[in-house]
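The values are calculated or read from the model by the stated rules, or taken from the named source; none is laboratory data. Predicted model only: the values in this text are computed from it and were never measured. Backbone-built Cβ (ideal geometry, glycine too); neighbour counts: all protein chains shown. All accessible areas refer to the heavy atoms of the entire protein, side chains included, with ligands and DNA or RNA removed. Shrake-Rupley method; radii C 1.70, N 1.55, O 1.52, S 1.80 Å.
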Amino acid sequence: MNSPTSSADRSCDVLVAGTGLAGLTAAIAFARAGFDVVSCGADERVARGRTVAMLDRSVAYLESLGLWPAIRGDAAPLRILRIIDDTGALLPPRPLEFHASEIGLDAFGWNVENDRMASALAVEANRTPGLERMSLAVARYDFSGDRALARLDDGRLIACALVIGADGRDSRARRSAGLPARPHRYPQRALTALLTHRLAHGDASTEFHTRNGPFTLVPLPPREAAPNRSSLVWLMSDDEARRRESLEGSAVEREIERQARSILGAMRLEGPPGFFAMSRQVVPKITSERLALVGDAAHLFPPIGAQGLNLGLRDVKAIAACAVDARDEGLDIGGETVLRGYERARRTDIFMRTAAVDGLNQALLARFAPIDLARGAGLAALGAIGPLRRLIMREGVAPRLAR
Ligand SMILES: Cc1cc2nc3c(=O)[nH]c(=O)nc-3n(C[C@H](O)[C@H](O)[C@H](O)COP(=O)(O)OP(=O)(O)OC[C@H]3O[C@@H](n4cnc5c(N)ncnc54)[C@H](O)[C@@H]3O)c2cc1C
């Protein structure tokens, strides 16, 4: 691009590229910390039945930013987690049930539709002082000078000290900086849906472990004329996904009810289901000159155990804290110290979550008796050994390594 910083149309401290859930939260977090922020990205919504379960720590972080009251009304608490083996394994483990009260919590977390959360964050972003929203994508970057430069789709040039790359799995910021990514496609797709059902969920999320991946029902809050609602994430083979994509809604509803063993009674789809190809993507280095990646731009894995956005929010919290520390010490917020500190703070958490989700997914996909036995023994131990149960529950909700 080679444009001098002086020719920029707008200069700011931080440019956040991407207006997904991680990007909007990052833009608000930096602005609330007193930085001059530009947030770039289209006002689009993903819909297609997607929700996010945010765990206790994420809710606490959103609360600390003053954002939770705007989201809370659309969210349902997860107080009980059930795991039911439906793999047809030779020695199936007994169903497991975890209660948030066992680890002193009111709820493990809260489930909310992606689009409702994005809309609430967009409203908050628009009224946050120090935050300018530009509903345009970044077309090009130049990280070679003493300020980062971003050329927007309409030709405008923004100069900043730090770029937050929250631009998703195909991150242009990451590619422009030459940071490699190692993608891996699983032979699975996720069917996602919002459902109305006959019986109450009792604030319980139920996960059936099937041979093609988990089938997970997660509570949603009631709506007028729909007192019982849940979201579904159902991992299945590519062939099964193709078959179900071609079915009538009523046939999909029947298949969902059958797989759920009718625990919530008859099911009604609130809208057409979504289908998402399942991938993992490892990004060995999440920073480079004046760039820090957060959210799916920095890590990607299948939706097992509600980890993706929760990890993304921990990225946001960490990079904002590093930048505040640098500013307080009179250092460059896009300089070496900040980027090295952020990379160090996030490496282990990201690595551990990616490995854990991948391991569980592969263990379900494996049709190999010794792996089944090991998985069954692990689940049985979780059911029987109190301290282990509590450790795993705490690690799932509030990982020690991420503190
Ligand atoms: C089926 C499913 C269920 C899930 N369930 C959960 C769950 O229960 N709990 C959980 O924690 N996580 C869950 N996840 C993961 C979670 O949804 C994602 O991790 C999270 O939404 C990613 O947010 P993000 O902002 O990082 O990325 P994205 O949502 O991908 O947003 C990226 C944004 O960047 C924009 N963009 C792209 N290029 C540019 C550019 N050049 N300039 C500007 N903007 C750009 C895009 O338009 C987009 O708005 C689930 C994922 C799936 C697929």
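Here is how the numbers come out for the structure above:
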{"read-out": "Surface/4 of the Cα convex hull for segment 73-118, nm²", "value": "4.7"}
{"read-out": "Cα Rg, Dmax, segment 1-153, angstrom units", "value": "20.5, 69"}
{"read-out": "Given charges at beta-carbon only (K, R positive; D, E negative), |dipole| of segment 209-298 in Debye", "value": "240"}
{"read-out": "Two-decimal Rg to Rh for segment 40-125 - Kirkwood Rh, Cα set", "value": "1.11"}
{"read-out": "Shape of segment 205-260, Cα gyration tensor, a/c cut at 1.5", "value": "oblate"}
{"read-out": "Folded to 0 to 90 degrees: helix 386-397 orientation relative to the chain principal axis, Cα", "value": "40"}
{"read-out": "Stretchable slack from Ala122 to Arg211, in nm (0.36 nm times residue separation minus alpha-carbon distance)", "value": "28.1 nm"}
{"read-out": "Carbon and sulfur %, accessible surface of the chain computed with the full protein complex present, 1.4 Å", "value": "53"}
{"read-out": "Estimated 222 nm signal from helices in the chain, with DSSP H stretches of n ≥ 4 weighted -39500 (n - 2.57), rounded to 500", "value": "-11000 deg cm²/dmol"}
{"read-out": "Overall Cα dimensions of the chain - principal axes, largest extent first, Å", "value": "67, 42, 40"}
{"read-out": "Computed lengthening from Ala321 to His99, 0.36 nm per intervening residue step minus Cα-Cα distance", "value": "76.7 nm"}
{"read-out": "Angle between the chain longest axis and helix 114-126 axis [Cα atoms, degrees, rounded to 10]", "value": "20"}
{"read-out": "GluC sites (Glu not before Pro) within segment 220-291: DSSP coil, no more than 12 neighbouring Cβ in 10 Å", "value": "Glu224, Glu248"}
{"read-out": "Stretchable slack from Asp36 to Thr337, in nm (0.36 nm times residue separation minus alpha-carbon distance)", "value": "106.3 nm"}
{"read-out": "The chain: relative contact order in percent, alpha carbon pairs under 8 Å with at least 6 residues between", "value": "21"}
{"read-out": "Percent breakdown of C-alpha pair distances by 5 Å bin, ordered from the shortest bin, for segment 247-293", "value": "5, 16, 16, 13, 10, 7, 6, 8, 11, 7, 3"}
{"read-out": "For the chain, accessible area per residue (1.4 Å probe, heavy atoms of protein chains only), Å²", "value": "43"}
{"read-out": "Three-way shape call for segment 114-212 based on the alpha-carbon gyration tensor, with the a/c threshold at 1.5", "value": "oblate"}
{"read-out": "Percent of C-alpha pairs per 10 Å bin, segment 125-276, short to long", "value": "9, 28, 19, 21, 19, 4, 0"}
{"read-out": "Normalised per residue, the volume of the convex hull around the Cα set of segment 103-161 (Å³)", "value": "182"}
{"read-out": "For segment 134-177: Kirkwood Rh in Å [reciprocal of mean 1/r, alpha carbons]", "value": "10.7"}
{"read-out": "Antiparallel bridge percentage (DSSP; both residues within the chain; nearest 5)", "value": "70"}
